[in-house]
1. Take each of the peptides 359-365, 59-65, average the number of other beta-carbon atoms within 10 Å over its residues, and list them starting from the highest.
2. Need one value: the accessible area of LEU582 in square angstrom, 1.4 angstrom probe, rounded to the nearest 10.
3. In Å and whole numbers, how far do the C-alpha atoms of region 637-710 stretch along each principal axis, longest first?
4. Rounded to the nearest 10 Å², what accessible area does GLU783 show when all protein chains are kept and the probe is 1.4 Å?
5. 5 Å is the cut-off here: which amide hydrogens, built 1.01 Å from N in the peptide plane, fall below it relative to CYS203, excluding neighbours closer than 5 in sequence?
6. Could you check what % of the DSSP bridge pairs in the chain are antiparallel, to the nearest 5?
7. Relative contact order for region 565-649: what is it in percent, counting Cα pairs under 8 Å that are at least 6 residues apart?
8. Could you tell me how far the Cα centroid of region 315-334 sits from the Cα centroid of region 21-68, in Å?
Amino acid sequence: MDGAQIRRRFLEFFEGRGHTVVPSSSLIPGDPSLLLTTAGMVQFKPYFLGQEPPPYPRATSAQKSFRTTDIELVGHTDRHLTFFEMLGNFSFGDYFKEGAMDHAWGLITEVYGIDPDRLWVTVFETDDEAEALWRDHIGVPAERIVRRGKEDNFWHMGVAGPCGPSSEIYVDRGSGYGPEGGPQVDEERYLEIWNLVFMQYECDDEINVIADLPKKNVDTGMGLERMALVLQGVGSAFETDLILPLLEEAERLAGKRYGQEEQADVSLRILAEHGRATTFLMADGVTPSNEGRGYVLRRMLRRLVSHARRLGVDGEVMAPLVERTVERFGQAYPELVEQLAFVLGLAASEEEHFSRTLRQGMERFEADVRAARATGSGVFPGEAAFRSHDTFGFPIELTVELATDEGLEVDTDTFRRLMDEQRARGKEAAKGGREERALVEVGRQAGRTDFLGYERLEADGTVAGLVLGGQQVEAAGQGDDVEVVLDRTPFYAEGGGQVGDAGVIRTESGELRVEDTYPGPGATIVHRARVDKGEVRTGQAAEAVVDAGRRAATARSHTATHVLHWTLRSQLGGHVRQAGSLVAPGRLRFDFSHFEGVSRDLLEEVQGRANERLIDDDPVRAYETTADFARSQGAIALFGEKYGDLVRVVEVGDYSVELCGGTHTAHTGQVSPLVTLSEGSIGSGLRRVEALVGSDAIRWVNRERRLLEEVAEVLQAGDPQQTVDRARRAVARIKELEGELGALRRGERGERIEELLGTASDVAGVPLIVAEVADVDVGGLRELAIKLRDRMEPGGHGAAVLGTADGARASLVAACTKPLVERGVSAPALLDVAAAAIGGGAGGKPHLAIAGGGNPRGLHQALQGIPERLASLLGDGT
């Protein structure tokens, strides 16, 4: 049974038992507490917590999932994966333990045909009910039911959220995989294939149970790769039809056969697993960066390319792996096919960039080797290994191999400690942004907020909840900063890049100034506000009034964003895809995928064509329809939006069709003009355009025109069109004069050098020049000192120390000849006492050092002490 059959039969089995088949959600989760989607239950979390009513009592899905904890282990074992498919069935207050067990046992034994005598189960150590059901209801022999502790059989998300005891199903793979005795003895032979979680509690960050969930739920997870391994009778996930095609592609690229050399096998497994995983990440909109999920992607791509180079693959490696992934999984996940051009371009850009970085990393590595050898310890520092990993993407095994070739042993203990510290920081960062518990409680009590803002800017409602200082309160007084939830509101909550509305909320006893609006838990809309007058209480009738001018300016920006998006796609190509946006009053920022800079001429062409569209005054239409119909119309989904079965479509004229929940103008003519301010790179394969619209654009144009007129006036250009020519001639003349001045100064410096050479004194047989030089900056001082040193170098030993000062600061420069440095006198050491006299410290290289301080009065004393300091360093006390 191949992977596609296993997936299909799973979904058909549960659909036939009253479950709604729900498509996989994106690997970018809607939950801000998670970095990536880690399990099938993530998209259903609001239903488990009771924040939103589930649209169906039962569901089933094949969910794209990603876990980052095993990245460093991938390749070193034949079972660790980052990306996997989680098959699951879910009950939202419908069936519980008995129903979950019935479904699981029936699917495994009847549909998949696994002999019941090969199956073992585990239960939570205190779950007597689960053990009794397995034994008495299902018929599992007592000796094949194992009780295990919280670490093994109590499921949680790793962060605050729903949790509960679990029961795992294992299959005995036979004596060829390990000793008998059950999963508590050997989990290679007894392989876990399904986890049934009885989701009935809510946990805090420390995984302590803090409350019962509103209903008892079921969340199960079966790894498709694990089940394929069992049903296909192979030894590892890499031999299943889900990953084997990628492994074969890696073999072809490397010209090696899997199973012949363990070191090469590690690299081949990494190419196969990371090639598949990164393709899915990029197709879901993750782009390489230095933080968050973008860093996960970049780290994996770099690990993949590094191992490809170890295998001797000098050419492009990502494109064939991407294409094989899309070929294998495109039917089940059509977004892979839709985003193929985008993924190929992004992968090629990052691979090319890292190939350059890899060369830089090798140079850094060679420098670290030289430094390690200089210590005579034979140890390559763990700090250097970590820097190679973190900055240049070198996997630790690559550093170990390279260091071994150089006769050095890597300090892996320090490396692991630094990696653990980084993981801890990442884990803490991934926990950021959770909804405050008080708002969660308000959401439970208030239910969904009715949004009325598409039709009106004023509406009556009721204060459903107030949160002050993280606590739910009944009232807030003048000066308090509060979060306010109404039962109905015209205020637009931030989403799809559009900023939240501002305005006023009035009750009979008080008035609130709303500064921002954002989506809250449980489909609520939260108004961040300050009580300007009186007191506001929960349960009061309220009048909500949106700032009409701000909303109109924001609507102009949003419609302009859609027109700009269409224009960029039409001018640059269909691979252009939105990667982020900011829609604010009168201005916008649009991030998009493209793999080279947009020239000034092309950007002007984009601006001109977009304005032509705006001037056409086309109608802007918004309507709700099904997601399937919207896709059939070619609607483009926007970055960061979460869509349900019903979606809102915004059409501009007859050319732009996008899914969008934002607010817009009625016609494009209400937007113009649009003025692009800048275009530039924000990451590998990503560009950013910033623009102004409407009256903000007009004010900017007027200001620029006024600046041009002032420059023309200064340059005495009668016509502003002559300004550029006048400016070029002026710059050319300035450069000519600077050249003449430079020649004069070089002549003066030559005379100064001869003069200074004549002042050299003798300190224990070493010529020493010490002088205070006026009217020169640190750069000039440095240049003089180097020239003096170079003049003394042929004679052997010699040093020059020069100083200068202005009203606020003093500077010193010391330069030593090579023979003097070899004798043990370095420039920083020569300056250290003098630097203290001017209130600073010295730093630099043995041949050249600079010091600066905020005590210019100490310069004379500093220079006077130089001869004595040189004598001391030479070991001569005279």
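The values are calculated or read from the model by the stated rules, or taken from the named source; none is laboratory data. As the structure is a prediction and not an experimental result, all values here were calculated from the model. Because the Cβ atoms are built from the backbone with ideal geometry, glycine has one as well, and the counts that use them run over all protein chains shown. When the accessible area is computed, the model is the full protein with side chains, heavy atoms only, and any ligands, DNA or RNA have been set aside. Shrake-Rupley method; radii C 1.70, N 1.55, O 1.52, S 1.80 Å.
1. The peptides rank, most packed first, as 59-65, 359-365.
2. That residue has around 40 Å² of solvent-accessible surface.
3. 57, 36, 19
4. Per-residue accessible area (GLU783): approximately 70 Å².
5. For CYS203, whose amide H was placed from the backbone, the distant partners under 5 Å are GLY161, CYS163, ILE210.
6. Once the DSSP bridges in the chain are tallied, antiparallel ones form about 90 percent.
7. With pairs under 8 Å counted, the relative contact order is 25 percent.
8. Centre-to-centre distance over Cα atoms comes out at 25 Å.
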